[in-house]
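Peer 1: Mind looking over this structure? Questions follow.
What follows draws every value from the coordinates through simple rules; no lab data is involved. Keep in mind that what you see is a predicted model, and the values were worked out from it rather than measured. Ideal geometry is used to build each Cβ from the backbone, glycine not excepted, and the neighbour counts take in all protein chains shown.
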Amino acid sequence: MMALGEAGYKEVTLLGQNVDAYGRDLPGLAADGSGRRAHTFTDLLRYVHDAPGIERIRFATSHPRYFTDRLVRACADLPKLCEFFHIPFQSGDDDILRAMKRGYTAERYRSIIDNIRRYMPDASISGDVIVGFPGETEEQYQRTEDLVRSIGFDRVNTAAYSPRPNTPAAEWENQVADLIKADRLNRLNAVVNEVATERSQRFLGRDLEVLVEGVNPRDPAQAFGRTRHNKLAYFDGDGQALTGRLVTVRIDQANAYSLFGQMVGEVPPRAPLSAAFAAAAGGQQLVGAA
């Protein structure tokens, strides 16, 4: 992590299929007597937070089964943690979730999002969902629509179920017809876009931090980058010269998945939260999530 900061990288993303399960296979218990494991994903976040040069940290993909209150509180406490969470939910119906062997209920998922917004009210939430899982009824599909509306997602990656070889569900006899799956996917996409557009309006008139990624391929006079909320933002400027810099952009147009505005200045580097990184670097080393 230190090498990335020294090389000029401003943002890192910790990746794992179930990234918040990090540490569950490592030995030992915490010294605080809490009974929790000695190494958790929350500990890893705190470890990487003060790496010199790194200004923003993201992580994906979270699994509701492992998403803890301690993790949410750490994200709220650490200034470099971006206000963005990608937590797949797959369905809004408990029977379908059980058939998928997801290990949680729709209510449990809602409680996770409620907890995130209790500590970080402005956080963006994205998720993954599948429609047309074997046996899904219209009523069960409607529960997924209801969940999308009630959560208020900033983005949802949608897909229709497709049988995969050597998976139990592929052999079930209660497959949903392709035309029904396509209809549900189209309907859900309309709801997702409607909700995302409504959620984006909260950024109008605000000054947002943007990490510039380059020149807008559709308009060479514009630069573009990503906000801490994982929204693409476009603004007039020299994208080539600004690449890799953190700037502040005042938003005057908000679409479902993109923002437009004017650059108002550059963002100064963040000071380290503490000396914890230096102390940790001289002792036990944690490995990245896999």
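Peer 1: With a cut-off of 8 Å between alpha carbons and a minimum separation of six or more residues, what is the relative contact order of the range 207-266 in percent? Numbers along the way, then the final one.
Peer 2: Working: 155 pairs, mean separation 20.2, N = 60.
Once divided by the residue count of the range 207-266, the mean separation gives 34 percent.
Peer 1: Moving on to the next point. Taking only C-alpha pairs under 8 Å that are 6+ residues apart, what is the relative contact order of the range 1-82 in percent? Don't skip to the end; give the middle numbers.
Peer 2: Numbers: 118 pairs, mean separation 31.8, N = 82.
Relative contact order for the range 1-82 comes out at 39 percent.
Peer 1: Under 1.5 on a/c is rounded, so check that first for the range 1-82, then, if it is not, pick prolate when a/b is larger than b/c and oblate when it is not; a ≥ b ≥ c are the square roots of the alpha carbon gyration tensor eigenvalues. Before the final figure, lay out each step's value.
Peer 2: Values: a/c = 1.87, a/b = 1.63, b/c = 1.15.
In terms of gyration-tensor shape, prolate.
Peer 1: Please give the peptides 159-169, 246-256 ranked by average Cβ packing (other Cβ atoms within 10 Å per residue), highest first, as a rough proxy for protection.
Peer 2: Values: 159-169: 11.5, 246-256: 18.2.
So the peptides 159-169, 246-256, ranked by packing, come out 246-256, 159-169.
Peer 1: Does anything in the range 102-121 have its amide N under 13 Å from the 7 Å Cα→Cβ label point of Asp69, and if so which residues?
Peer 2: Residues passing the 13 Å test: 112, 115-116, 118-119.
Peer 1: Another question, if that's okay. Can you show me the helix-derived [θ] at 222 nm for the chain, built from DSSP H runs with n ≥ 4 at -39,500 (n - 2.57) apiece and divided by the number of residues, rounded to the nearest 500. Before the final figure, lay out the partial values.
Peer 2: Details: 9 runs with 90 residues, N = 290.
So the helix-based figure for the chain works out to -9000 deg cm²/dmol.
Peer 1: Can you count the Lys pairs in the chain with C-alpha separation below 23 Å, eight or more apart or on different chains? Write out the running numbers ahead of the final one.
Peer 2: Details: Lys10/Lys80; Lys10/Lys231; Lys80/Lys231; Lys101/Lys181.
Going through the chain pair by pair, I get 4.
Peer 1: Shifting gears a bit: Taking 25 Å as R0, compute the FRET efficiency from the Cβ-Cβ separation of Ala7 and Met100 and round it to 0.05. Kindly include the intermediate steps, with their values, before the conclusion.
Peer 2: On the way: r = 41 Å, r/R0 = 1.64.
The formula returns an efficiency of 0.05 here.
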